[in-house]
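The structure appears below as structure tokens.
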């Protein structure tokens, strides 16, 4: 697989306070979904409640759930998803937001590049449709992710496969 570069729109450790509503929703959904994996001994709020409160129906709910199933099943590297209280954005949380923004802006090429950060080619193809369903459902609910400028090219994220696939939620 040839190496590719993608410029992240969200630098690692971006201050969460600087995010807009749609970005906060996407980040919170991801963190809430991951919380039971991070701390299985604790009770956590159900991520689905946020979808209901935002007016996102079955299409978006199913899209998110399927996307996360594909990502957790086929991830080629550990993912940086922070705890619920963290005031900084993890690298993969930023890429998740970039994925959704790309799809809302009809940039499937950029979305595929983001998915390539986490997934091998076959899994990328499986993940694209549910990711699009989520992005569309968010847009229908008025949760439009802003177009963010990519970071400095020296901060580019290298896309590539790792030999030991595993999923680890880190803080």
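Quick note: the coordinates plus some simple rules give every number you see, no bench work behind them. What you see is a predicted model; the values in this text were computed from it and never measured. So basically every Cβ, Gly included, is an ideal-geometry build from the backbone, and we count neighbours across all protein chains shown.
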Note to self: Cut-off is 10 Å between beta-carbons; in what order do 102, 9 appear when sorted fewest neighbours first?
What the structure shows: 9, 102
Item checked: Residue exposure sequence - 16, 114 - by fewest surrounding Cβ within 10 Å -> 16, 114
Margin query: Full-extension gain between residue 44 and residue 20, please, as 0.36 nm times their residue separation minus the C-alpha to C-alpha distance.
Written below: 6.3 nm
Check: Semi-axes, largest first, in whole Å: what does sqrt of 5 times each Cα gyration tensor eigenvalue give for the stretch 4-159?
Finding: 21, 18, 17
Notebook entry, point to check: Over the C-alpha atoms of the stretch 13-86, what are the Rg and the largest Cα-to-Cα span, Dmax, in Å?
Noted result: 12.7, 33
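Using Cβ contacts closer than 10 Å as the measure, can you line up 82, 48 from fewest to most?
On the way: 82 23, 48 15.
Lowest to highest Cβ neighbour count: 48, 82.
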